[in-house]
Amino acid sequence: MKVAVFSTKAYDRQFLSAANSPIQHELVFFEPRLNRDTAILAAGFPAVCVFVHDQVDAPTLELLASRGTRLVVLRCAGFNNVDLQAAADLGITVVRVPAYSPYGVAEHAVGLILSLNRKIHRAYNRVREGNFSLDGLLGFNLHERTVGIVGTGKIGLILGQIMKGFGCNLLAYDVYRNPELEALGGKYVELPELFANSDIISLHCPLTPETHHLINTEAIEKIKPGVMLINTSRGALIDTQAVIEGLKSGKIGYLGVDVYEQESELFFEDLSGEIIQDDIFQRLTTFPNVLITGHQAFFTAEALYNIAETTFANITDVEQGRSCANEIRA
Ligand code: NAD
């Protein structure tokens, strides 16, 4: 199949081309993101392949459909950037990669927890400057601390398994209980109880209308003072302005985020030397107890390999008229 691959970086081309070599789909790589302005690039392509920041909204889908596109292939799990109803109305099939690196994302969340707790990001800079003072680097034992996991699907469960290994107690909140999390000793509670009793809160639920700004001013009022908040899921789970107020008051003791609500203006690009216009993001970067990574939690060799393999299996299923287990519908 002829596939227009949007938002491609060198690493995407490397892994997608390798996985495609035995299959020989006709891939054309485009660096720009897919949106209303760039949809024209896909004219005549029956399939487009997109990532997290491509805007697959109704007008873009209409432009794609009018020029022959019938398949949208997401090379990610989250699909909050796709208007599924519009796709269905236009007869466009949407497929995704539901799991490609749950270990990678959970391990990155643990990396944020360990770095924030033991101030490794600050110690790294100090030692390089010849400053071996320990003032300001005091941490706490993870052993017997309570970790609250919001969303106990694939990634949340693995985080629970890892934190159990540190000797942590596990609290959990989800719309469905995961028996594997309960078998670890994890206790499902309502959100206010999780907020009140967790030393570390880690978000692993999808972004939906129900979870938008899950961490807002009211939630921050309920949390244990000095909590560590970790978000490797989607930026808009957090009301960033409310979290900044929580950091200023000390109610939030640590913040580790791999995602940010307005990240599409910033992440995945080298903006060094440019003036960042986002004042909320810039304020976040000034806190010593805030650690931000640029949506890299998924970024392991295993994940890129799995993404490429599943992407082409999905395309082949649709091309050959088989039902695709990874199709998503409105
Ligand atoms: P998953 O589908 O296996 O698990 C998500 C869990 O969230 C499910 O158990 C679901 O029941 C639960 N959930 C749904 N609505 C909820 C609600 N209102 N409140 C509480 N829980 C709710 O997904 P996963 O593979 O574990 O991924 C979780 C999220 O991680 C994805 O949605 C995606 O946004 C994010 N993600 C981020 C990266 C990254 O690089 N930072 C990579 C992959 C995934």
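The values are calculated or read from the model by the stated rules, or taken from the named source; none is laboratory data. Keep in mind that what you see is a predicted model, and the values were worked out from it rather than measured. Cβ sites come from the backbone with ideal geometry, for glycine too, and all protein chains shown count toward neighbours.
Before moving on, here are some points about what is shown:
- Residue count for the stretch 297-321 satisfying the condition of being surrounded by fewer than 16 Cβ atoms within 10 Å (Cβ to Cβ) and either within 17 Å of Ala10 (Cβ to Cβ) or free of Cβ contacts under 8 Å to residues at least 12 places away in the same chain (or both): 4.
- Of the residues in the stretch 149-165, not one is assigned to a loop (DSSP other than H, G, I, E, B), more than 10 Å from the ligand (Cβ to nearest atom) and either surrounded by 15 or more Cβ atoms within 10 Å (Cβ to Cβ) or of a type outside the set (A, V, I, L, M) (or both).
- Only listed residue being more than 20 Å from Pro98 (Cβ to Cβ) and either within 11 Å of the ligand (Cβ to nearest atom) or more than 19 Å from the chain's Cα centre (by Cα) (or both), chosen from Leu207, Leu184, Leu203: Leu184
- For the stretch 300-330, the set of residues classified as in a loop (DSSP other than H, G, I, E, B) and closer than 14 Å to Ser101 by Cα consists of Thr300 only.
- Unique residue being within 28 Å of Asn169 (Cβ to Cβ) and either surrounded by fewer than 18 Cβ atoms within 10 Å (Cβ to Cβ) or not assigned by the TED database to the domain that holds Leu116 (or both) when the list is Glu245, Glu210, Glu265: Glu210
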